[in-house]
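Working notes, structure below.
The values are calculated or read from the model by the stated rules, or taken from the named source; none is laboratory data. If you're wondering where the values come from, they're calculated on a predicted model, not measured in any experiment. Positions of Cβ are backbone-derived with ideal geometry, glycine not excepted, and every protein chain shown enters the neighbour counts. The area values use the complete protein model at the heavy-atom level, side chains included, leaving out ligands, DNA and RNA. Shrake-Rupley method; radii C 1.70, N 1.55, O 1.52, S 1.80 Å.
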Amino acid sequence: MSLNSTKLLNGQASSIDTNSIRGLLEMTQSTPDAEHPELKLDREGGHGLSMPVTLTLPAPSGSAQLENRCDLPTEDIRVAALKATLERHRGDRQIVLLQDFPDPDALSGAWAYQLIAKQYNINCDLVYAGALSHQENIALVKLTGLPTKKISSASLKEKDLAHYQGCVLIDNQGTTCQLLEIVRQAGIPITVIIDHHSLQEDLNAEFVDIRPSTRATATILTQYLQAGLLKLDSSISEHVKCATALMHGLRSDTNRLMQAQEEDFLAAGYLSRFYDAQLLNAILQVYRSKRVMEVIQRSLTNRVVQNNFSIAGVGYLRYEDRDAIPQAADFLVTEENVHTAVVYGIVRDEDDEVELVIGSLRTSKLTLDPDEFIKEAFGKNSEGRFFGGGRFTAGGFEIPVGFLCGFNDNSDFSKLKWEVFDNQIKQKLLKLVNPTDSY
């Protein structure tokens, strides 16, 4: 018997006694003297922090699937389970899917996973469908040589995917990645999901580590590095650059460490032995483009402020300027007497003839849950998937324009289309901001 599926989800726990788990993990080794005896748990079950763990095992023929519940120290279990998963797929080729507009947390986490997988002779291709439009993201990829590439949905459909044996999701659960459906249609199983956002949907994957209470996916991947899945070496340039990227990702998703927790500081402390401070400073020393400044100006002009919420529609944007939206939200939330900012616009991809309403939320209010707020405001699509979600202080949403999608030379038509979407989004948001008012 092998450990078929391991899920580590905050709030969902399973329960098999420690001896059973130890035995299952030992059975993932191919021989008694396998190269990875560290897959075994120590006799006390490890000394890591306790976190709910779900272990789903293959059921005997004709019987129900075994699934029990308990709380166990998870540091050893988590590491052993990921090692077991990687060991089972030794020699495979995997496609690592990032969200359409990857941020430093996603980029660095995916790179760290790629280097870890390489220890098991697993080759990984890091891909995304959208764009790197934020100046810091562009600088991160260019200055570190981060091995990721853009591939459109149309190109991926034409690509022969038969040489991939698995799909990996890092810093997302597929809801912000238009490539996932194509990969699933090609029959490629989801092997690993590592994310820190709230659970979006129950994807069938071998290994799932989702921690909504953790501030950054970079922190999660750094913990795997600390546990020995990859021994960083400051004399290896690729390791130094990846550590620098992880430090940037961690810093980015914790608001320059101002919202960091103990585990983030511990991860940053570990990375401080390997990262290049001068390289990180060069990545951070980028300036806002003229286009970004124009979008921020539009958000200031169009904003509506009610009950300490600032809501602004910024009209049409080119696909490559998409990251101006979260930057505008970052700016608006700094206004006096504003604790939450939502900025949105219609983003046009002229190459693929696609239009999306894309929005970002930023908040400094500790009692406001961005994930719940966005899901309640915009709900689900016809397939039951939420249009957006969030984490501790930030969130985002993407809503397809649908039948009205398309470019029209008639400026009156474009203006009318924007007004329809602008009014509808404002109405949905203001219903939550002022629930007693009618719109």
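Averaged over residues, the count of other Cβ atoms within 10 Å places the peptides 182-188, 295-301 in the sequence 295-301, 182-188, highest first. Accessible surface area normalised per residue over region 121-188 is 40 Å², counting heavy atoms of protein chains with a 1.4 Å rolling probe.
Which lysines, if any, have their Cα less than 25 Å from the Cα of K150, not counting same-chain residues under 8 positions apart? In chain and number order, the partners are K118, K142, K159, K241, K290.
Most simply put, region 300-439 has about 75% antiparallel DSSP beta bridges, counting only bridges with both residues inside it.
Using the Cβ atoms and a cut-off under 13 Å, what net charge is assigned to the surroundings of A267, where Lys and Arg are +1 and Asp and Glu are -1?
Numbers: positive: R211, R215, R251, R273; negative: D105, D253, E262, E263, D264.
Taking every Cβ under 13 Å from that of A267, the sum is -1.
Restriction of the trypsin sites (Lys or Arg not before Pro) in region 260-294 to DSSP coil positions whose beta-carbon has at most 12 other beta-carbons within 10 angstrom yields R273.
Taking 0.36 nm per residue of sequence separation and removing the Cα-Cα distance, the N308/L404 pair yields an extension gain of 31.3 nm. Accessible-area rank, largest first, for T148, T334: T334, T148, with all protein chains present and a 1.4 angstrom probe.
Hull surface divided by four, with the convex hull built on the Cα atoms of region 221-339: how many nm²?
Numbers: hull surface 38.3 nm².
If you wrap the Cα atoms of region 221-339 in a convex hull and average its projections, you get 9.6 nm².
Spin-label model, L266/A154: points 7 Å from Cα along the beta carbon direction are separated by 4.9 nm. With R₀ fixed at 41 Å, the C-beta to C-beta distance from S234 to K415 puts the FRET efficiency at about 0.15. Once the chain from N204 to T367 is taken as fully extended at 0.36 nm per residue, the excess over their C-alpha distance is 55.5 nm. The accessible surface of region 102-248, taken with every protein chain in place and a 1.4 Å probe, is 45 percent carbon and sulfur. Taking the accessible area of region 309-350, probe 1.4 Å, and keeping the other protein chains in place, the carbon and sulfur fraction comes to 43%.
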